[in-house]
Amino acid sequence: MRRLVLAALFLLAGGCASVSQTTGGEGSGGRSYGIGHRPVQEIQPPPFEALVDTPPIACYSLTDKHEAFGGTAAYTPTSDERRLDDSKGGLMRRYTVPEPIAGNCQAPQLFKVVRLEAAIYWSPKTCAHVIRGPLLSVWEQQGAHRGELGYPITDELPMAQAVGIHQYFENGEMAWTPIGGVVVRRFTY
């Protein structure tokens, strides 16, 4: 529900037009064939569904991605932006984000929120993507951007056939369900 509200507010505020108009420098890779005013990220995930033409993913800078996800009203910074010591020239910043775990409109007295750890990672080829909660924890245990999966190439996505989330990386995918926990699948595109 929170994502729907944030998405609606984002669109009402003008969508991408309300976010910084930066297209050069960080994350642009010199490509100008983007979505709206944004270039397309160099590494694209596989189609999300076999029979659906998945549009390319737009390239965001680390700062623009934070703003697109609600800025400090939704994602509270817990670190400064920092350059990563790797050959890909990556950047990252850590956040916490409120996540409702109980209650709803019909039972507001049961409403309960926890704070999840989150991070936004950026590289010139993958652009900026949010990774959070159990996926972030397992990914970092496996070496994060230096591990076998590499950088994230999507934000988390809802699973089509189950209750849960999944996220694509340069060299694989991670999925989380309440019953199965986190599952890591490695592959190359």
Problem set entry | Estimated vicinal HN-Hα couplings, Hz - segment 69-80 in sequence order (Karplus 6.51, -1.76, 1.60; Gly, Pro = x) | 8, x, x, 5, 5, 10, 10, 8, x, 10, 8, 7
For this session: Quick one: order THR96, THR126, THR72, THR154 by neighbouring beta-carbon count within 10 Å, fewest to most.
Result: THR72, THR96, THR154, THR126
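In segment 84-189, which GluC sites (Glu not before Pro) fall in coil by DSSP and have 13 or fewer other Cβ atoms within 10 Å?
GLU148
Can you sort SER87, SER137 by how many other beta carbons sit within 10 Å, fewest first?
Going from least to most buried by this count: SER87, SER137.
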Exercise. If you stretched the chain out fully between SER87 and ASN171, how much longer would it get, using 0.36 nm times the residue separation minus the C-alpha to C-alpha distance?
Worked result: 28.6 nm
Exercise. When a footprinting reagent is the concern and you count Cβ atoms within 10 Å, what order do ILE153, ILE101, ILE165, ILE43 take, fewest first?
Worked result: ILE101, ILE43, ILE165, ILE153
Exercise. What is the projected area of the convex hull of the Cα atoms of segment 93-189, averaged over all directions, in nm²?
Worked result: 7.2
Exercise. Once the piece of chain linking ARG185 and ALA73 is laid out straight, how much longer is it, given 0.36 nm per residue of separation minus the C-alpha distance between them?
Worked result: 37.0 nm
For this session: Report, in debye and to the nearest 20, how large the dipole of segment 88-189 comes out about its Cα centre when Lys and Arg carry +1 and Asp and Glu carry -1 on their Cβ.
Result: 200
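Every number here is computed from the coordinates shown, using simple stated rules; none is lab data. These numbers were taken from a predicted model, which means no experiment stands behind them. Reconstructed Cβ throughout: ideal geometry from the backbone, glycine too, with neighbour counts over all protein chains shown.
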